[in-house]
Amino acid sequence: MLLRRHLQNEYGFEVNIFNYRSLQRSLDENADALAEFIRENDLSESHLVGHSLGGIIMLRMLANESASIAGRVVCMGAPVRGSRTAGVLNTTEWGDAVLGRSVTSGIVKNTASEWAGDVSRKYEVGVIAGDAPYGVGQFFARFDGPNDGTVAVDETHLEGQKDHIVLRTSHKGLVFTRAPADQAAAFLKRGEFLR
């Protein structure tokens, strides 16, 4: 993954990848698994970077206080205010199979905005959104404003966020293009994005 390579090779971060099961596990189960991953790997002095649902899982773990970190938090394309795309998919008969338990419990039924603001009062949280509308979400949801093809920019704003930036990239582009990696590294190092 380009994001991992940039953070490691160009910015000197040691990167550990946490893989979660969005289909089988609920949001809280994945948040608990992330907390266990942090404890097992002695990562309490770390920063956290998460894309889309990964960002929601990070915030949920910190809200549950099942683990804590000393560093900063970057959410990339995380629909903390809910997701139009997931909401539409959830109404289909095959929605559960596509979305999985984490999306249904974390984004459709209980949006992170209900509890994630508490996280941003304890941690420095930076949010990166995209506004290049190229993604599968455009086939399911109607976006009235800027979006990354899957998540609308207005769905990414987090109460109490330290910084928020919109980049000309798609939802997938947030982890596969250079500019988001540069911005994530800047926030992790100095607590603000590059302007």
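Every read-out reported here was derived from the displayed coordinates using simple, explicitly stated rules and does not represent laboratory data. Computed from a prediction, not measured in an experiment: that's the story for all the values here. Heads up, the Cβs are rebuilt from the backbone with ideal geometry, glycines too, and the neighbour counts pull from every protein chain shown.
When a footprinting reagent is the concern and you count Cβ atoms within 10 Å, what order do THR169, THR177, THR150 take, fewest first?
Details: THR169 24, THR177 19, THR150 27.
Final ranking by Cβ density, sparse to dense: THR177, THR169, THR150.
Inter-label distance, PHE176 to LYS122: 3.5 nm, where each label sits 7 Å from its Cα along the C-beta direction. Rounded to the nearest 500, the 222 nm mean residue ellipticity of the chain from helices alone is -10000 deg cm²/dmol, with -39,500 (n - 2.57) taken per DSSP H run of at least 4 residues. With the alpha-carbon atoms of the chain aligned to their principal axes, the span from lowest to highest coordinate is 44, 34, 29 Å, starting with the largest. A straight chain from ASP154 to ASP131 at 0.36 nm per residue would run longer than the Cα-Cα distance by 7.2 nm. Annotation: extensible slack from GLU29 through GLU114 equals 28.8 nm (criterion: 0.36 nm per residue apart, minus Cα-Cα distance).
For the range 136-190, the percent of C-alpha pairs falling in each 5 Å distance bin, counted from 0 to the bin holding the largest distance, reads 4, 17, 25, 24, 18, 8, 3, 1.
Approximating the spin labels as points 7 Å out from Cα along Cα→Cβ, the ARG168-to-ARG190 distance works out to 2.3 nm.
Ordered by the count of other Cβ atoms within 10 Å of each Cβ, fewest first, ILE17, ILE56 give ILE17, ILE56. Largest GNM mean-square fluctuation across GLY54, GLY77, GLY117, computed for the chain with C-alpha springs under 10 Å, falls on GLY117. Comparing mean-square fluctuations of ASP144, ASP28, ASP131 from a GNM of the chain with C-alpha springs under 10 Å, the top value falls on ASP144.
Which of HIS164, HIS47 comes first, and how do the rest follow, when ranked by fewest Cβ neighbours within 10 Å? Mind showing how you got there, number by number?
On the way: HIS164 16, HIS47 21.
Least crowded to most crowded, the residues run HIS164, HIS47.
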